[in-house]
Amino acid sequence: MMAPLPRFLVFLLGVAVLLVVINLVRRRTLQERYAILWLLAGVVLTLSPVFIPLLDHLAFSMGFEYPPALLLLLAVVGLLLITFQLSLTLSRSEERIKLLTQELAILRQQMELLKLSARQPSAAKPTERTHDEPDTDFNNT
Amino acid sequence: MTASFFFMPSLHRLLILPAYNEATNLPRVLPEARAAAPGYDVVVINDGSRDATAEVARSLGAAVVTLPVNLGYGGAVQTGFRYAVEHGYELAVVMDADGQHDPAGIHLLADTVARGETDVAIGSRFRGRMAYHQPWVKRMGMKLFAWTVSRLTGREVTDPTSGFQALNQDVLRFFAYDNYPVDYPDADTLLLLHYAGFRVTEVPVTMRERLSGVSMHSGWKPFYYVLKMWLAISMVLLREKTHLSPRRGAS
């Protein structure tokens, strides 16, 4: 059995998590889809003082000799879920960043060529080559 | 960007040099490459360098594509492929900008592809003259991966890590937007090419020590490299088994 004070502290922690997460979503700092797991964590923390006797029962019936072990197990599984979701997101984000970076770099090179040819109109005229880029200068110089 | 077809030279060729902080090596490497491969357009993919790589390359007359952030070797090379595809090049040669690759190999590789003998020509340092050192972990890993790829593809592969390659337009398209690993294109990439129906041939070339600077495979990195490679190869095999791999022409 948990003493009243720790229970109250856990409840406060849960409320704090909920408030912070809700506020972050409200300010659009945290996206809804990432907030859901954290909100769930907040709700579980908030309600856990009420359910702790129940949890103790459950833990004993599942063969846990030390009930908090079940709590910790659940917490670890929850955190694993959250980090896994983050890893997935990170992989996808990196793929997107790579694509954008490449696109940006190629476009910027194009733009610099256009700027250059705008300054020297002669360079802009299509020549007998397949390319009118200065990179062909490489072979002329 | 479209290639204009006013006039068609025999084959429009591009030399791709991925470069990360290579300002000190470029003044030696670029003219050397240019002398060895006249008629090639040259693009330096400046992979978010913190030194004057872009300025140096530009002053030496190369086209420069600067990645605003460092993507790593694979990401830089793939940018070169995209550049090649968008400009309509029919053949591209990838060569390190650090002086490891002897520019004499450019023609050996490109001609093998240009003659239609193969889709990708890989410069192998082990078939060629050996002038090179490697950390032992990486060397062991490379041997193992080479053996694996050789067995699976039925062709002898001695140097799957070689970044000295010539590719035809089909392969460029295949790699330009997808199918190319971000960090180290390697044995897994060769396997992927094989399963996608491309022909891969090794050509002996000479490789040398870096002119200056730190190689990307130093310190603890060989261990990471071997692990990563093992995972990548397993994944290519798994994909081949579980669903249709991207076939040639699908690109």
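The values are calculated or read from the model by the stated rules, or taken from the named source; none is laboratory data. Quick caveat: nothing in here was measured; it's all calculated off a predicted structure. Every residue, glycine among them, receives a Cβ derived from its backbone with ideal geometry; neighbour counts consider all protein chains shown. These accessible areas exclude ligands, DNA and RNA; they are computed on the full protein's heavy atoms, side chains included. Shrake-Rupley method; radii C 1.70, N 1.55, O 1.52, S 1.80 Å.
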Can you list the lysines whose alpha carbon is less than 20 Å from that of A:LYS115, not counting same-chain residues fewer than 8 positions off?
A:LYS125
Taking amide H positions as placed in the peptide plane 1.01 Å from N, state which residues far from B:GLU22 in sequence (5 or more) or on other chains have amide H under 5 Å from it.
B:THR53
Nearby lysines by direct alpha-carbon distance to B:LYS143 (threshold 26 angstrom, same-chain neighbours under 8 apart not counted):
B:LYS221, B:LYS228, B:LYS241
Give me the number: length gained by fully extending B:VAL182 to B:TRP230, i.e. 0.36 nm times residue separation minus the C-alpha to C-alpha distance, one decimal in nm.
15.7 nm
Give me the percent of DSSP beta bridges within the range B:13-242 that run antiparallel, rounded to the nearest 5.
30 percent
Evaluate the distance, in nm, between pseudo-label points positioned 7 Å from the Cα of A:LEU74 and of B:ASN70 along their respective Cα→Cβ axes.
4.5 nm
Please list the non-local residues whose amide H lies under 5 Å from the amide H of B:ASP102, H modeled 1.01 Å from N, same-chain partners needing a gap of 5 or more.
B:THR206, B:ARG208
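Taking all protein chains in place and a 1.4 Å probe, what share, in percent, of the accessible surface of the range B:13-242 do carbon and sulfur account for?
Numbers: 5290 of 9040 Å².
Carbon with sulfur: 58 percent of the solvent-accessible area.
Can you pull the mean other chain C-beta count within 10 Å for peptide B:37-48? Present the calculation step by step, with values, prior to reporting the outcome.
Working: counts 1, 2, 1, 3, 10, 4, 5, 1, 4, 2, 2, 2.
Average neighbour count from other chains, rounded to a whole number: 3.
Taking each residue in B:174-185, count the Cβ atoms of any other chain within 10 Å of its Cβ, then average. What number comes out? Present the calculation step by step, with values, prior to reporting the outcome.
Working: counts 0, 0, 1, 2, 1, 0, 1, 0, 3, 0, 0, 0.
Per-residue shielding by partner chains comes out at 1.
Arrange the peptides A:103-112, A:58-67 so that the one whose residues have, on average, the most other Cβ atoms within 10 Å appears first.
Working: A:103-112: 16.4, A:58-67: 12.1.
By packing density, highest mean first, the sequence is A:103-112, A:58-67.
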At 7 Å along the Cα-to-beta-carbon direction for both B:ARG151 and A:ARG33, put a label point, then send me their distance in nm to one decimal.
4.1 nm
Evaluate E = 1/(1 + (r/R0)^6) for B:GLU55 and A:LEU40, where r is the Cβ-Cβ distance and R0 equals 30 Å; express this FRET efficiency to the nearest 0.05.
0.05
Could you give me the ³J(HN,Hα) list for the range A:106-117, computed from phi with Karplus coefficients 6.51, -1.76, 1.60 and θ = phi - 60°, whole Hz, x at Gly and Pro?
5, 5, 5, 5, 4, 5, 5, 5, 4, 4, 5, 6
Sequence-distant or interchain residues sharing an amide H contact under 5 Å with B:GLY123, placed H: which?
B:PHE164, B:GLN165, B:ALA166, B:VAL203
At R0 = 41 Å, FRET efficiency that the Cβ-Cβ distance of A:ALA3 and A:LEU100 yields, to 0.05
0.15
Would you mind giving the total buried accessible surface between chains A and B, with a 1.4 Å probe and ligands, DNA and RNA left out, rounded to the nearest 100 Å²?
2600 Å²
Percentage relative contact order, the range B:70-175, counting C-alpha pairs under 8 Å, at least six apart:
43 percent
